[in-house]
Amino acid sequence: MHPTGDTSAISITRVTKRFSAHTAVRDLSLTVPRGAVYGLLGPNGAGKTTTIRMLLDIMEPDEGSITIFGRPHTERGITDLIGYLPEERGLYKKMQVRRVLRFLAAIKGVPGKEADRRITSWLERLGLRTPDRDWGLAKVDELSRGMQQKVQFIGTLLHDPQLVILDEPFSGLDPINAQSLKDIMVDLRKEGRTVLFSTHLMESAERLCDSICIIAHGEKVLDGGVAEVKARHAGRFVAVAFNGNGAETAAAVLNDRALIARADDSNRTLEIQLAEGADPQQLLRRLVESGASIARFELVQPSLHRIFLDAVGATGVEEGITGHG
Amino acid sequence: MAKLWAVIRREYTERVRSKWFIFATVFGPVLFGALLILPPLLALRTKASADLADIVILDATGAGLGQRIAASLPRTALSPRPRIVVVAPDSLTAAESLATHEVVRGDKRGYLVLDAHTLAGDSARYAGRNASSIGDMEAITTVLRRSVLAVRLAALHVDSAAAVDIAALKPQLATERLSERGRAGSGMVNAIAGFGIAFLLYMSIILYGQTVLRGVIEEKNTRVSEVVVASVPTNTLLAGKVLGVGAVGITQQIAWFTTGYLVARVRVPILHALGAKAEAIPFPSVTPGAAVVLVLFFVLGYIFYSSLFAAVGAMVNNEQDAQQAATPVIMLLVAPILFLQTVLVNPSSTTAEVLSWLPFSAPIIMPMRMVVSTVPWLEVGLSIGGVLLACWGAVWVAARIYRVGLLMYGKKPTPRELLRWIRSAH
C-alpha cells in the first residue's frame with residue numbers, strides 16, 4: 001500500500017478517550033508532518049501512551065478521528081505501514097531469536113525469505129551476529145537485557161515501516177543502546193521515514209525532534225516545530241551573572257514579581273524568565289541602577305526543558321515529571 | 001488470512017518443538033501399552049503356586065470332605081500331596097496346634113481346617129505361610145466350594161461322578177448390546193468405550209484449554225501482546241491461538257490413537273510370547289459416521305472451552321489468579337463428568353437427554369450416548385447446532401474480553417467491569 005498525496009503522516013482530529021474513572025485524552029488534535037521526527041512530550045500520565053494506542057487501533061477513541069498517510073487508521077493494512085515499539089517491551093522468552101523475528105515479520109506481511117535476509121542484516125548491524133557468535137540462534141531468555149532491547153528494535157523495523165512509533169524508547173536503555181537507537185532514528189529520518197516518539201526526557205527531544213507536541217492531563221499544551229516553539233518563547237529568557245555579592249545587591253530587583261516571573265539559580269548563572277509585559281531592557285536598566293556589578297547579561301533561547309516546565313506548569317505540574325535526561 | 005496463518009504457525013510449531021510435547025506424545029502410548037500389557041502379566045504372577053497342595057487338611061466333618069479337596073487341589077507330579085488328618089470335632093484344637101508347629105518348622109506350607117460349619121456352607125479356616133497370596137487363596141477357595149457342593153450333592157444321593165460334574169460347572173455371562181438397529185456388539189465393551197471417550201474428551205479439552213490459558217498469560221506477562229495486537233486484530237490473534245493449540249491437540253491425539261491401536265493389535269502376540277494368556281481387546285462398534293460426529297464434538301467442545309479459557313487468561317496476570325478465575329469454566333466442564341455414570345446406566349433417561357442438548361455438556365455427553373445407545377440423527381444434529389451457537393457466543397464474548405483485557409495489568413476485573421469490557425470493545 002502506498003501513501004496518498006496527503007502531506008501529513010499522522011493527523012489526529014479532536015480525539016477524546018475516556019476511561020471509567022477519568023478522561024485520558026481530551027479533544028486532542030495534532031499533525032505529524034511526513035518525514036519528520038516528532039516528539040510527543042508530557043509528564044507521566046499525560047495521555048501519551050493512550051494516544052499512541054489509539055493511533056495503532058489498539059484502543060478506539062470515543063470521539064474524533066485519526067488518519068495515517070491520509071487514510072482512516074482503521075483501514076485494512078494501515079498497521080503494516082507502522083513499526084511500533086511499546087513502552088512495555090517483551091518477547092517470547094522461550095523462542096529462538098530468529099524465530100521471534102520471523103514471526104514479527106510475518107504478522108506484518110513480510111514473506112519468510114525476505115524476512116530472513118533482513119534479519120541477518122539487522123543482526124549484523126546491531127552486533128548480534130559476529131563471526132564468533134550468532135545470537136540469532138539463541139533463545140530470547142539467553143540474551144542480556146540490552147540485547148533483548150536490540151532484538152525488539154529489529155522487530156519494530158523489520159518490515160521497513162514508513163512510520164515508526166516509539167513509546168518512551170529511551171526508558172531502561174543504557175547509554176550505549178540509547179545512542180544506537182538515536183543513530184537509528186536519525187538514519188530513519190534520512191531515509192524519509194516519519195518517526196513519532198513519546199518521552200519525558202527533554203534533552204533527547206530537543207536534539208532529535210523536528211517538531212513536538214506537549215500534552216498534560218490529556219490536553220495539548222503547545223505544539224509546532226522545535227525552532228518555532230523556541231522562537232515563540234525567545235526574548236523572554238535572560239541569563240545573568242554577577243561579580244562578587246552582586247546578587248545580594250540586586251535582590252530587590254530580582255524579587256520584583258512585576259519584572260521577573262521566575263528565576264532559576266544555577267549557582268554561577270541566574271536563568272530568568274521575564275514576567276508578562278516586562279522587557280529585557282527594563283531589567284538591565286534596573287540591575288544597573290541597583291549598583292550590582294554585572295558579569296553577564298544575555299538574551300537566551302529557552303531550553304525545551306524550560307518551555308516544558310513553563311507550559312506544563314501553567315496547567316499544574318504533576319508528580320513524576322523529570323526534566324533532565 | 002496471512003496473519004491468522006502466521007499466528008497459527010507460531011502456536012503450533014513452538015509447541016510441537018517443545019521437549020514436553022515430544023515426551024508426552026512418545027510416552028503417552030508407552031503408558032497406554034503398559035496399561036494393556038501389565039495387568040495380564042501381573043495376573044500371571046498371582047497364579048497359585050506349584051506347591052499349593054503341600055498342606056495339612058484337618059477334617060472334622062466326618063464326611064470325607066478332606067479327601068475330595070486333597071484330590072482336587074491343583075499340583076504338579078513332583079510336589080507333595082496334602083496330608084489328611086481326620087479328627088473328631090472335640091480334638092480339633094489339639095490337632096490344630098500340632099499342625100501349627102509343623103508349618104512353623106517349615107515341614108508344610110499351611111493347614112486347612114474343615115468342620116461342621118464348612119459342610120453347612122459357612123466357613124473354613126486356613127493358616128499358612130502363603131495366606132497373603134491372592135492366587136493361592138483363590139485356588140483353595142474354588143476347590144473348597146466345589147468340594148462342599150459335591151459332598152452335599154452326594155448326601156442327596158446324586159451319583160458321585162455327576163456331583164463332581166455339576167460342582168465344576170462355571171457358566172460365563174456374555175453380554176451383547178441391542179439397539180433399534182439390532183445387534184450392536186458387546187454391551188460391556190461399548191459401556192467402557194463410552195466412558196473412556198467421554199473421559200478422554202474431558203481430559204483433552206481441559207488439557208488443551210489450559211494450554212491456551214497459559215499461552216495468553218505468557219503473552220501478557222512478557223508484554224509481547226502489545227506488539228502483536230498492534231499488528232494483528234485481536235479476533236485474529238484469538239482465533240489463531242485457539243486453532244494453533246487445537247492443531248497441536250489433534251496431532252497428539254492422532255499419534256496416541258495410532259500407536260494405541262497398534263499396541264492393542266500386537267498386545268496378544270507379546271503376551272503369548274511372555275507366557276500369559278490373553279484375548280484380543282474387542283474394539284467398540286462405532287460407525288464411520290459416528291466417528292466423524294465424535295471428532296466434530298471434540299473440535300466444537302474444544303473451541304467453546306478454549307475461547308473461554310483464553311478470555312480468563314486475558315483477565316488475569318498470573319497463574320494463581322487464573323486458577324481462581326477459571327473455576328466457573330472448569331465447573332461447566334466438570335458438571336457433565338459428575339453425571340457420567342447416570343448417563344451410562346440409562347443413556348435414554350431425561351437427564352441424559354438434557355445433558356446431551358445443553359451446549360456446555362453436549363460435547364462430552366452426546367458422544368458417550370452415541371456409543372452406548374442409539375441416538376436419533378435429528379437429536380445429534382440439533383445438539384451440534386446448539387454447540388455451534390454456543391461456540392459462536394463464547395468466541396464473541398471471549399474476543400471482547402480478550403481485546404480489552406490483554407492490555408490491562410491491574411487487578412482482576414469485577415463482574416461489573418467485565419460486562420463493561422464486553423460492551424465497550426468494538
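Since every read-out is calculated from the coordinates, none of them should be taken as a lab result. All of these numbers come straight from a predicted model, not from anything done at the bench. Cβ atoms come from the backbone with ideal geometry, glycine included; neighbour counts cover every protein chain shown.
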**Report entry** Beta bridges per DSSP with both ends in the protein assembly as shown, % antiparallel, nearest 5
**Finding:** 60 percent
Report task. Would you please give the residues with an amide H less than 5 Å from that of A:Tyr84, counting only those at least 5 places away or on a separate chain, with H modeled from the backbone geometry? Result -> A:Ile165
**Report entry** Set of aspartates and glutamates with alpha-carbon distance to A:Lys113 below 12 Å, sequence-local pairs under 8 removed
**Finding:** none
Report task. Evaluate peptide B:316-324: per residue, the Cβ atoms of other protein chains within 10 Å of its Cβ; return the mean as an integer. Result -> 0
Query raised in the report: Excluding B:Ser383 itself, what net charge comes from residues whose Cβ is under 11 Å from its Cβ, given Lys and Arg +1 and Asp and Glu -1?
Result: -1
Query raised in the report: What list of ³J(HN,Hα) couplings, whole Hz, do you get for the range A:143-154 from phi and the Karplus terms 6.51, -1.76, 1.60, once you set θ to phi - 60° and write x for glycine and proline?
Result: 8, 6, 4, x, 5, 4, 4, 5, 4, 5, 4, 4
Requested in this report: Summarise the partner chain shielding of A:76-86 as one whole number: the mean count of Cβ atoms from other chains within 10 Å of each residue's Cβ.
Outcome: 3
**Report entry** Spin-label pair B:Ser348/B:Ala120, simplified geometry with 7 Å Cα→Cβ offset, distance in nm
**Finding:** 4.8 nm
Requested in this report: Answer rounded, prolate or oblate for the protein assembly as shown, using the Cα gyration tensor with square roots of eigenvalues a ≥ b ≥ c: rounded when a/c is under 1.5, else prolate when a/b is larger than b/c, else oblate.
Outcome: prolate
Query raised in the report: Which entries in A:Lys17/A:Lys108; A:Lys182/A:Lys220; B:Lys220/B:Lys241; A:Lys93/B:Lys19 show an alpha-carbon gap greater than 21 Å?
Result: A:Lys17/A:Lys108; A:Lys182/A:Lys220
Report summary line: One finds, for A:Thr13 and B:Ile270 with R0 = 51 angstrom and r their Cβ-Cβ distance, a FRET efficiency to the nearest 0.05 of 0.10
Requested in this report: Arrange B:Cys391, A:Cys213 by Cβ neighbour counts within 10 Å, fewest through most, would you?
Outcome: B:Cys391, A:Cys213
Query - DSSP-defined antiparallel bridges as percent of all bridges, chain A, nearest 5 - result: 65 percent
Query raised in the report: Which ³J(HN,Hα) values in Hz, rounded to whole numbers, follow from the phi angles of the range B:192-202 under the Karplus curve 6.51 cos²θ - 1.76 cosθ + 1.60, where θ = phi - 60° and Gly and Pro get x?
Result: 5, 4, x, 4, x, 5, 4, 5, 5, 4, 4
Query raised in the report: Just for chain B, what percent of DSSP beta bridges are antiparallel, to the closest 5?
Result: 40 percent
**Report entry** Proxy reagent accessibility, fewest Cβ within 10 Å first, across B:Trp421, B:Trp5
**Finding:** B:Trp5, B:Trp421
Report summary line: For A:Thr249 and B:Ser424, extending 7 Å from Cα along the Cα-Cβ vector and measuring point to point gives, in nm, a value of 6.3 nm
Query raised in the report: How well do other chains shield peptide A:50-59, expressed as the mean number of their Cβ atoms within 10 Å of each residue Cβ?
Result: 3
Query raised in the report: Pairing the Cα long axis of helix B:327-338 with the longest principal axis of chain B, what angle in degrees results, from 0 to 90 and rounded to the nearest 10?
Result: 40 degrees
Query raised in the report: Using 1/(1 + (r/R0)^6) with R0 = 30 angstrom and r between the beta carbons of B:Asn318 and A:Arg133, what's the FRET efficiency to the nearest 0.05?
Result: 0.30
Query raised in the report: Can you give the net charge of the other residues whose Cβ lies under 13 Å from the Cβ of A:Thr23, counting K and R as +1 and D and E as -1?
Result: -1
Requested in this report: Decide, for the range B:66-155, between rounded, prolate and oblate: order the square roots of the alpha carbon gyration tensor eigenvalues as a ≥ b ≥ c, take rounded if a/c falls under 1.5, and otherwise choose prolate if a/b is larger than b/c, else oblate.
Outcome: oblate
Query raised in the report: Say R0 is 22 Å: what FRET efficiency, to the nearest 0.05, do B:Ser18 and B:Met203 get from their beta-carbon distance?
Result: 0.70
Report summary line: For A:Glu63, the residues 5 or more places away or on another chain with a placed amide H closer than 5 Å to its own amide H are A:Thr16
Query raised in the report: Under the classification rounded if a/c is under 1.5, otherwise prolate if a/b is larger than b/c and oblate if not, where does the range A:1-101 fall, given a ≥ b ≥ c as square roots of the Cα gyration tensor eigenvalues?
Result: oblate
Report task. Work out, step by step, the length gained on full extension between B:Ala162 and B:Thr414: first 0.36 nm times the residue separation, then minus their alpha carbon distance; give nm to one decimal. Result -> 82.8 nm
Query raised in the report: Using modelled backbone amide H atoms (1.01 Å from N, in-plane), which distant-in-sequence or interchain residues come within less than 5 Å of A:Val37's amide H?
Result: A:Val195, A:Asp210, A:Ser211
Report task. Among B:Ser225, A:Ser8, rank each residue by its count of other Cβ atoms within 10 Å, from fewest to most, as a rough exposure measure. Result -> A:Ser8, B:Ser225
Report summary line: For the range A:273-278, Karplus-derived ³J(HN,Hα) couplings (6.51, -1.76, 1.60; θ = phi - 60°; whole Hz; x for glycine and proline) come out as 9, 6, 6, 4, x, 7
